[in-house]
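Notes follow the structure.
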Amino acid sequence: MRKLENSVAVVTGSGRGIGRELAFLLAKEGAKVVVNDLDPDAAAETQATIVAMGACASAFPRSVTSLNFAEELAEFTKETFGDVHIIVNNAGYVWNEPVHRTTDEQWEAMQAIHLTAPFRIIRAFHPLLRERVDAERTEGKLASRRIVNVASIAATRGTAGQVAYSSAKAGLFGLTRSLAKEWGSMNITVNCVAFGLVDTRLTATTEDGTGVIKIEGEKRRVGFLPNQRDALIRSIPLARAASAEEAAGGAFIFCLPEASYITGQCIEVAGGIAY
Ligand SMILES: NC(=O)c1ccc[n+]([C@@H]2O[C@H](COP(=O)([O-])OP(=O)(O)OC[C@H]3O[C@@H](n4cnc5c(N)ncnc54)[C@H](O)[C@@H]3O)[C@@H](O)[C@H]2O)c1
């Protein structure tokens, strides 16, 4: 029997990068996955890949910051799979600028995606969680459930040019530790992973440092100049970036049955980075 057989997992931002790899890891262990992404094509591709591997997935392609997103995601999950065991708040992007050039719009966009959306998603799932936990208690077999929030070393250590991003990610530490105390009695663990340098489109190197992604039709500069990336790698004891799959592994371990007694923890998955 696979380790997550009969579990239902929701992974935001799982159309690409770390979220997609995590969705694959969860599906391989038998979880049914709700694939969310801003980009419908990316979400559909992750879903199709999971189905092709003989597992079960359903796509919910919408922005986590859109109106009523959280309530509709919870409703969709309940109608599609009837339960939820794992919620991973992973969707995100960077919008970097030195503090003196950070606009209110930029600050609010970073808070909205990295802190407000996870809070609203968690809150919206409460009715379903409460219902399932009460039913399982009555049956005398309470399941172990998991919430994993995705943060960054920008929050644990600070990164110049990322004040808005790192502040929002740091908020996840408080959310994680407090929620672990509130929901422990429902047998729900709440943990946080702070990734370091992971090879995804957010960290791609370009000669002029001008990688660009589109978020809701707007262009956002991402990526590194080669010398910036080299300097960062010199501060990593493992001397390399993580693959998206390796990073996903750091979040995945919190979802496994063996991690049922770990809660309220914020760990770096960053190759031992020290700067
Ligand atoms: N790559 C890194 O080095 C790194 C380091 C630290 C933390 N992180 C965090 O890891 C998470 C995943 O990043 P990644 O590197 O895999 O990036 P990625 O761009 O490869 O994947 C992120 C996915 O999230 C989706 N997304 C973005 N905004 C969304 C929204 N509003 N609603 C729904 N989906 C949305 C994107 O479309 C994309 O498919 C993010 O929270 C990021 O901040 C990444």
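The values are calculated or read from the model by the stated rules, or taken from the named source; none is laboratory data. Since the structure is predicted, the reported quantities are computational estimates derived from the model, not experimental observations. Don't worry about glycine lacking a Cβ; one is built from the backbone with ideal geometry, like all the others, and counts go over all protein chains shown. To get the accessible areas, we keep the full protein, side chains included, count just its heavy atoms, and leave off ligands, DNA and RNA. Shrake-Rupley method; radii C 1.70, N 1.55, O 1.52, S 1.80 Å.
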- Looking at region 125-148, is at least one residue within 14 Å of the ligand (Cβ to nearest atom) and either among the aliphatic types (A, V, I, L, M) or touching a residue at least 12 places away in the same chain (Cβ under 8 Å) (or both)? yes
- Note on the structure: With criteria (1) small (Gly, Ala, Ser); (2) under 13 Å from GLY92 (Cβ atoms); (3) assigned to a loop (DSSP other than H, G, I, E, B), GLY54 comes up short on (2)
- Query: Can you tell me how many residues in region 12-41 are under 25 Å from VAL269 (Cα atoms), within 16 Å of the ligand (Cβ to nearest atom) and part of a helix (DSSP H, G or I)?
  - Reply: 10
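Could you pull out every one of the helices (runs of 4 or more DSSP H) wholly within region 160-275 that has 2 or more residues that are exposed (fewer than 13 other Cβ atoms within 10 Å of the Cβ)?
Working: elements: 163-183, 226-234, 244-252.
Output list reads 163-183, 226-234.
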- Of all residues making up region 57-80, the number that are over 13 Å from VAL11 (Cα atoms) and open to solvent by 60 Å² or more (accessible area, probe 1.4 Å): 7
- So how many residues does region 227-258 have that are touching a strand residue (DSSP E or B) at 6+ places or on another chain (Cβ under 7 Å) and either of a type in the set (A, V, I, L, M, F, W, C) or away from the ligand (no atom under 16 Å from the Cβ) (or both)? 7
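Taking ALA9 as the residue in question, decide whether it is crowded, with 23+ Cβ neighbours inside 10 Å and not in a loop (DSSP other than H, G, I, E, B).
Yes.
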- Query: Of these, ALA151, ALA155, which one is in a strand (DSSP E or B), within 19 Å of the chain's Cα centre (by Cα), within 14 Å of the ligand (Cβ to nearest atom) and within 21 Å of PRO118 (Cβ to Cβ)?
  - Reply: ALA151
